[in-house]
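Bear in mind these aren't lab numbers, they're just calculated from the coordinates by the rules spelled out. Remember, predicted model here, so these are calculated numbers, not experimental data. Every residue, glycine as well, gets a Cβ built from its backbone with ideal geometry; the counts of neighbours run over all protein chains shown.
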Amino acid sequence: MADIAPPASGAWFREIDRSQWRTLLATNLGWLFDGFETYALVLTAGPAMRSLLDASAFPQIPAYVGMVFAITLLGWAIGGMIGGVLADYIGRRRMMILAILAYSMMTGLTALAFDWRSFAVLRFLVGIAIGSEWVTGASLVAEFWPDRARGKGAGLMQSGICIGFFIASLTWLFVAQLGPDAWRYMFLIGVLPAILTWWIRASIAEPDLWRRADAQRRAVLKNKRSGAVLSAEDRALARFTVADLFATPTIRHRMFIAFLMSLATTLAWWSISTWVPPYVSGVAGKSGLSAQQWTTYAALTFNFGALFGQVGFGFLADAFGRKPVTLAYFALALAMTPVLFLWTSDPLLLLLAAAVNAFFCQGLFSWMPTWLPELFPTHLRATAMAFTFNMPRFIAFLGPLLAGTLIVKFGGYGYSAMIISSVYIVGFIATFLLPETRGKSLPEAV
């Protein structure tokens, strides 16, 4: 039976102090700019390939776009793991500052790409930097916010990516009018997040939970160097965090289950949802409407639904528990796939279907910042979260390649989406195997 959060008097938001709100704002903005940069790629990859490829390769643009998405995901996986480990050793705030600076600079450089290969290399470097940001923000919110409201804080933090997607879509509506090099201007705008790091440095502190864990680790390592005999708990603190993930059976089990859930969430989104704007624009074009305008309409509508889905997940998870809400989102994300890609042909109804689909398929990502911090101890929390959030991308990066190939093979999006959406079943089944953690304090040890 799920643990019930103890009753508290007054509205939940009255428990949140100024420093906790600042932390939420900083992490939301960091993820917002990640979202802007990521969706700028979704919106501009096609025009960029049209600009960078020879005209003879135009029929293969979906395959090239899928390759670029895949390379970005591969970089994201590598950078995410590095960033998670560093966040456990040098601090959450410091790592977030480094990540934001890095992805701002790499995004700006993407505007200078001179062929598709240079574009792909720069996307790989952007992915490395972006991968490091999420785990630091999710850890900060989890370790600062109170138990009763942790899911709400996680959902509000996670929604930053949808706001970034929305802003990117709105920006592209105007920037797209600037000619064949408009995609370069979108990436130049991506330099702006670097300004945020100055405010984070001055306004956000490291969580006390991490400070205590770091002090304990340093003391244990000092004792180890002096030749002292260490207890089992101290040996865990002294181990490299990645090695410690596999040394403790409970942590290893939770990490494997969460990996499967994360894989289902990530593979489905990158292989299906990233194709929603071009799919809707294609349907609109066949109806005599402006394909370019409807690409933007689809992106705006999709991200509007996703925003409510991600925020809603946190509130629902605090009210009903992590497990039942995650199960519902997996099931409904699967159910909405044929509604969007097979059963709806009217462009206006297609926008509504896209919004509902996004509520569940992208809102599903909020299970990770909500549930993952509550499964792992502080000294390796960021490493464990980075592993479960980013390692699936070493598999999921193949999804866009497969999807692009299937779209070309079948001459459309529907069958490709249905084949790949079956991965949601894996996530649904795996969800049953994690413990319910609603209302519990973050673990110091497992």
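How would you classify the range 188-279 from its alpha-carbon gyration tensor, with a ≥ b ≥ c the square roots of the eigenvalues: rounded for a/c under 1.5, else prolate if a/b is greater than b/c, otherwise oblate? It is oblate, given that a/c is not under 1.5 and a/b is not larger than b/c.
A straight chain from residue 286 to residue 247 at 0.36 nm per residue would run longer than the Cα-Cα distance by 8.4 nm. With everything on Cα atoms, drop me the angle between helix 249-272 and the longest principal axis of the chain, reported from 0 to 90° to the nearest 10. Helix 249-272 sits at roughly 20 degrees to that axis.
Seen against the Cα atoms of the chain and their longest principal axis, helix 381-390 is set at about 20 degrees. Taking 17 Å as the straight-line reach from the Cα of residue 323, the lysines in range (excluding those fewer than 8 positions away in the same chain) are 152, 440. Charged neighbours of residue 372, selected by a Cβ distance under 12 Å, balance to +3 (K, R count +1; D, E count -1). By the helix-only formula, in which each DSSP H run with n ≥ 4 contributes -39500 (n - 2.57) and the sum is divided by residues, the chain has a 222 nm mean residue ellipticity of -24500 deg cm²/dmol. With R₀ set to 41 Å, the beta-carbon distance separating residue 319 from residue 54 gives a calculated FRET efficiency near 0.15.
In summary, the aspartates and glutamates within cross-link reach of residue 224, defined as a Cα separation below 17 angstrom excluding same-chain residues under 8 places away, comprise 214, 233, 234, 244. Projecting the Cα atoms of 395, 311, 219 onto the charge dipole of the range 18-431 (Cβ charges, centred on the Cα centre) puts 219 farthest toward the positive pole.
For the range 18-431, the spread of Cα coordinates along the three principal axes comes to 75, 43, 39 Å, biggest extent given first.
Under 13 Å of direct C-alpha separation, and excluding same-chain neighbours fewer than eight residues apart, residue 286 reaches these aspartates and glutamates: 346. The alpha carbon centroids of the range 188-247 and the range 334-402 are separated by 28 Å.
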